[in-house]
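The values are calculated or read from the model by the stated rules, or taken from the named source; none is laboratory data. Remember, predicted model here, so these are calculated numbers, not experimental data. Virtual Cβ from ideal backbone geometry, glycine too; neighbours counted across all protein chains shown.
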Amino acid sequence: MHNQTFMRTYSPRQEALARKAAQQRDNQSFENLASSDLLTQYRIKSEPYYRMVADEIELYEAAYSVRMPIMLKGPTGCGKTRFVEYMAWKLNKPLITVACNEDMTASDLIGRYLLDASGTRWQDGPLAVAARYGAICYLDEVVEARQDTIVAIHTLTDARRMLPLEKKGEVIEAHPDFQLVISYNPGYQSLMKDLKQSTKQRFGALDFDYPEHDIEAEIVAHESGINLDIAKKLVHIAERARNLKGHGLDEGLSTRMLIYAGSLIYKGVQPLAACRVALVRPITDDPDMRDALDSAVTTYF
Ligand SMILES: Nc1ncnc2c1ncn2[C@@H]1O[C@H](COP(=O)(O)OP(=O)(O)O)[C@@H](O)[C@H]1O
Ligand SMILES: [Mg+2]
């Protein structure tokens, strides 16, 4: 039942290779490539495993058909990124993902002049590439970016659908295929770090959460290779831990963490040790909380 080609998660070597390829991609001058070549690199070649949870696929398709910008809301590790990958594949559109952070500037998104041996040349940033050639641009954890960076997306997310490149003196009219998607974890937003209403109100929103018990177990089994019985035990442990959110835990145990634990068990690690390493130790440093979680683990293993 375990399908190797779908083991996309937590394979450090593959991820390192992918990172290297991405770096090489970024180092290439976008302008030296024909747009078709350029976007080929961002196409998702094989169907990502995505287990539908509710009506999110249908809703997203409808939103894409009117090119509505979409915000995916939900805790970390619950399937937002996997969902966008799947939708990009299903709609057969290239996907350009940007992991947002507070050092990111508007130029990192839009583009800048670079100096090289032949003088200066303009290089489109990921947002400009997506708008120019027609990709889905996914800004992951968008609140991590500073406000002055986030406003750069405003002209693309209203009726104008355009992106001014002020330094270059050019205005990009968004390609008909272009769509903007952002992800956002409402859980750990402080007042200081929240999206402004003027940004929020430009998006339609889909709520994500940890899937319902049986579906989550199915996902964990599929992604880690362990059998459904063990996967269900892991989900039970997670559900107990999620009840402690707000009572000493800031975040619930994510589906991603359960897959980590399952992957260790699949590799032959004892379940108790696997759960300590993958579930309990990462999420809290508090000795009492660790005891409470450890005892939840020993209830099931
Ligand atoms: N509905 C789902 N279908 C398939 N895999 C899922 C689903 N939800 C979560 N996952 C698994 O959980 C992992 C973490 O999800 P991810 O999309 O990276 O979370 P997020 O972007 O919300 O932080 C994924 O790599 C995938 O293996
Ligand atoms: Mg993500």
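Quick check, is Thr76 β-branched (Val, Ile, Thr), at pLDDT below 95 and closer than 27 Å to Gly252 by Cβ?
yes
Does the stretch 197-221 hold any residues that are more than 16 Å from ligand 2 (Cβ to nearest atom), surrounded by fewer than 21 Cβ atoms within 10 Å (Cβ to Cβ), of a type outside the set (Gly, Ala, Ser) and in contact (Cβ under 8 Å) with a residue 60 or more places away in the chain, and which are they?
Lys200, Arg202, Glu212, Ile215, Glu218
From the residues in the stretch 132-182 that are part of a loop (DSSP other than H, G, I, E, B) and closer than 12 Å to Thr199 by Cα, which one is nearest to ligand 2 (Cβ to nearest atom)?
Thr157
Out of Glu85, Glu56, report the one residue that is in contact with a strand residue (DSSP E or B) (Cβ under 6 Å, 6 or more places away or on another chain) and surrounded by 15 or more Cβ atoms within 10 Å (Cβ to Cβ).
Going through Glu85, Glu56 in turn, the sole match is Glu56.
Of all residues in the stretch 200-223, count the ones that are acidic (Asp, Glu) and more than 9 Å from ligand 1 (Cβ to nearest atom).
Qualifying residue count for the region: 4.
I'm trying to understand the selection: among the residues of the stretch 107-120, which are in contact with a helix residue (DSSP H, G or I) (Cβ under 7 Å, 6 or more places away or on another chain) and either of a type in the set (S, T, N, Q) or modelled with pLDDT under 95 (or both)?
Those that are in contact with a helix residue (DSSP H, G or I) (Cβ under 7 Å, 6 or more places away or on another chain) and either of a type in the set (S, T, N, Q) or modelled with pLDDT under 95 (or both): none in the stretch 107-120.
Let me confirm something: among Leu253, Leu249, which residue is within 22 Å of Gln270 (Cβ to Cβ) and either modelled with pLDDT under 95 or surrounded by 14 or more Cβ atoms within 10 Å (Cβ to Cβ) (or both)?
Only one candidate qualifies: Leu253.
Looking only at the stretch 71-95, which residues are within 14 Å of ligand 2 (Cβ to nearest atom), touching a residue at least 60 places away in the same chain (Cβ under 8 Å) and either outside any helix (DSSP H, G or I) or farther than 16 Å from Pro211 by Cβ (or both)?
Matches in the stretch 71-95: Met71, Leu72, Lys73, Gly74, Pro75, Thr76, Gly77, Cys78, Gly79, Val84.
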